[in-house]
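The values are calculated or read from the model by the stated rules, or taken from the named source; none is laboratory data. Remember, predicted model here, so these are calculated numbers, not experimental data. Every residue, glycine among them, receives a Cβ derived from its backbone with ideal geometry; neighbour counts consider all protein chains shown.
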Amino acid sequence: MNKDLFYFDQGKNVKRQVPLADRIRPKTLDEFVGQEDIVGEGKILRKMMEEDKLASLLFWGPPGSGKTTLACIIAHLTKSHFIHFSAVTSGVAEVRKVVKEARARWKIYGQRTILFVDEIHRLNKAQQDAFLPHIEDGTITLIGATTENPSFEIIGPLLSRTKIFTLKRLSSEEIKKILTRAMKNKKRGLGEYKIEIKPKILNLIVNNSNGDARTALNILEIAADVTKPNREGMRLINLKTVEEIFQNKTLLYDKKGEEHYNVISAFIKSMRGSNPDAALYWLARMIETGEAPHFIARRMVIFASEDIGNADSHALLVAVAAAQAVDFVGMPEAQINLAQAATYLASAPKSNASYKGLLAAKEDVKKNLNLPVPLHLRNAPTPLMKKLGYGKDYKYPPNFPQGKVKQEYLPKELEKKRYYKI
C-alpha cells in the first residue's frame, strides 16, 4: 500500500486517506505551478528561498493560489527549524511557547526558527502584537498566509516588519497543468486510477474552479472515486458526474471581506460606465452569493443622486422604488426590481454636478465657519427682529414675472460663488 496516500489519525486510531490536493502538493520550486512574477527565475522570493536567507514574509492571495505550498517548499529547503502554527486553534500562550523553544534552539544549536501562520488574518490584535518583539529581535522569522487584504486585517506594526508578496488567481492553463500532472502521477496522484476524461469535461472543471487549485483537485478526486472502472480498468469520467459535483459549488464571496467591496465596486463602476450588461452580471453575482438586497438597493439610491443627478430626474425615483420593492415584495422576486433599477441607472445619462457642488460648498463651510445669514433672508417672528432689520427688503419671487427676481442668497463673502455647474 502506498504510504503517501494515507496518514494515521492518532485521535481516532484509524488510517485516513490524505486528500489529493495535499498528496500532490509540490515539494520543490521546479514542481511549483504559477506565480512566475514572484518565484520565476531571478525573482527575489526565489533567491531568498534558494539561498535560505528569508526575512519575515506575508503571502496574500485567493484560495488555492499556492500560499501554503510555498511555505511547505520553504520547510523543505530551509536549514531553519520550521513550525506550522494554526491561527484558528492557537493563541498568545502558544506564541510564548514557540518563542521560548526558538530561543533555546538558537542558544544550543545555533538554529533559527521559521514560524508559518496559516490564515493569519484570524488572529486578533493582541495575538498579532505578541509576535512583534520576537520578529524585531530575530528570535523568529514569521511567514503568514492570508486570503484577506492585509491593509484591513493585519496590524500596521506587523505589516511594517514583513515583506508582502501578492499571489494571483491561477490561470486556466495553470490549473489544467496541475490536474494533468495529478492524473499521471502514480505515487502521489491518481495515476493508478487510469483516468480518461474528455477535454470538454476537463475544461469544465478548470473553468469552474475559480482559479483555485485545491477546488479543482478536490472535484477531480471525487469524480475519480465515484467513477467505477470499466472492463479494461479505465475510469471514464463523464459530464453528468462532474455536473452533479458542481451542484454544491459555492462562489467566492465573503460578505465581510475584501471580495464584498470588490464586487460592489465593480457593480457601481459598471453602472457609472453605462454598461447595463456588466451591471447585471455583478448584480447576479451578489444575489447568487446571498448579499443583502437592502445593501444593493441603498447603493443604487446613492448612485442615482451621486452619478446621475438631474441629468435624469427619474433615476432617483426608480432607485427608491426598487428599495421599497425589496421590503414590499421581498426576495427572490425583488431581484427583478433590482435588475430593472440597475439597467435603468446604467443606461441613464450621467452628471455629478449636484454632488460636486455639495463638496465645493462644504469646503467653503469649513473655511468660513458661521458666516452670518443675510438679514433679508432671516425670518422676523417678533417685533424686535423686525426692528433689527430681519427680513427687510426680501423680495418674494412668486410676486414677480416668471417667479424670478434678482437678489442675493449667499453670505456677502461668497456672493460670486457658483457651486452647481452644468
If a residue counts only when it is under 30 Å from residue 121 (Cα atoms), which helices (runs of 4 or more DSSP H) contained entirely in segment 257-352 have at least 3 such residues? 258-272, 276-288, 293-303
For segment 333-371, name all the residues that are over 23 Å from residue 420 (Cα atoms), free of Cβ contacts under 8 Å to residues at least 40 places away in the same chain and exposed (fewer than 15 other Cβ atoms within 10 Å of the Cβ). 333, 336, 340
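Here's the yes/no breakdown for (1) on the phi > 0 side of the Ramachandran plot; (2) among the basic types (Lys, Arg):
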position: 329; (1), (2): no, no
position: 344; (1), (2): no, no
position: 378; (1), (2): no, yes
position: 383; (1), (2): no, no
position: 389; (1), (2): yes, no
position: 397; (1), (2): no, no
position: 412; (1), (2): no, yes
position: 419; (1), (2): no, no
Suppose we keep only residues that are in contact (Cβ under 8 Å) with a residue 40 or more places away in the chain and not in a loop (DSSP other than H, G, I, E, B) within segment 193-202. Which one would you say is farthest from residue 234 (Cα to Cα)? 201
What single numbered condition from (1) surrounded by 13 or more Cβ atoms within 10 Å (Cβ to Cβ); (2) assigned by TED's automatic domain parsing to the domain that holds residue 283 fails to hold for residue 374? (2)
Does segment 377-396 hold any residues that are touching a helix residue (DSSP H, G or I) at 6+ places or on another chain (Cβ under 7 Å) and surrounded by 11 or more Cβ atoms within 10 Å (Cβ to Cβ), and which are they? 380, 389, 390, 391, 392, 394
Tell me which of these residue 154 doesn't satisfy, since it passes every other one: (1) out of contact with any Asp or Glu (no Cβ under 7 Å at 6 or more places or on another chain); (2) closer than 30 Å to residue 262 by Cβ; (3) surrounded by fewer than 19 Cβ atoms within 10 Å (Cβ to Cβ). (3)
Report yes if residue 47 is closer than 24 Å to residue 130 by Cβ, of a type outside the set (Gly, Ala, Ser) and either surrounded by fewer than 13 Cβ atoms within 10 Å (Cβ to Cβ) or in contact with a strand residue (DSSP E or B) (Cβ under 6 Å, 6 or more places away or on another chain) (or both), otherwise no. no
